[in-house]
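Down below is the structure, laid out as structure tokens.
Only the coordinates and a few stated rules stand behind these numbers; no lab work does. Computed from a predicted model, the values in this text were never measured in an experiment.
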Amino acid sequence: MEKQDPGHAALTVTYQGRTSMLQVDADPASERGRDELATMDRNPPTPLEVRQKGADGTLVVTNRFGNGKSATNPVLHWTAAVHYPDGSQLRLSEWNGENQYTARPGDPALDVDQLKAIATAPAWRS
């Protein structure tokens, strides 16, 4: 694992013979995070984005990207993010390859549902 700074880390994940780079970003509660959550409803989703709002105001967003924010084919980058009402955020980003610069099409080590399950695990809030 390569430690970047508090709340941010990058590591390589290998699962069933597939290797991906996984970046984890955890941001504490902030006004900026609350503002970002409030504006999510006003911004249209990107083509492969799925947003799910919980009864408590938490927003879970999964997404898949090609080479760029609006590119969809081939998919090279997967994300799962949780935006909490207090403005804290947790983001998992995965690239199919050793790093984000060598990302390639194909199945990542973890699919978007697995990323979502990790991002929404209760342990992050304890």
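The table below gives the values:
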read-out	value
Spherically averaged projected area in nm², based on the convex hull that wraps the Cα atoms of the chain	8.0
Using alpha-carbon coordinates, inclination of helix 31-40 to the longest axis of the chain, degrees	80
Normalised contact order of segment 66-126, rounded percent, pairs of Cα under 8 Å and 6 or more residues apart	29
Relative contact order of segment 22-124, pairs being alpha-carbon contacts under 8 Å that are 6 or more residues apart, as %	28
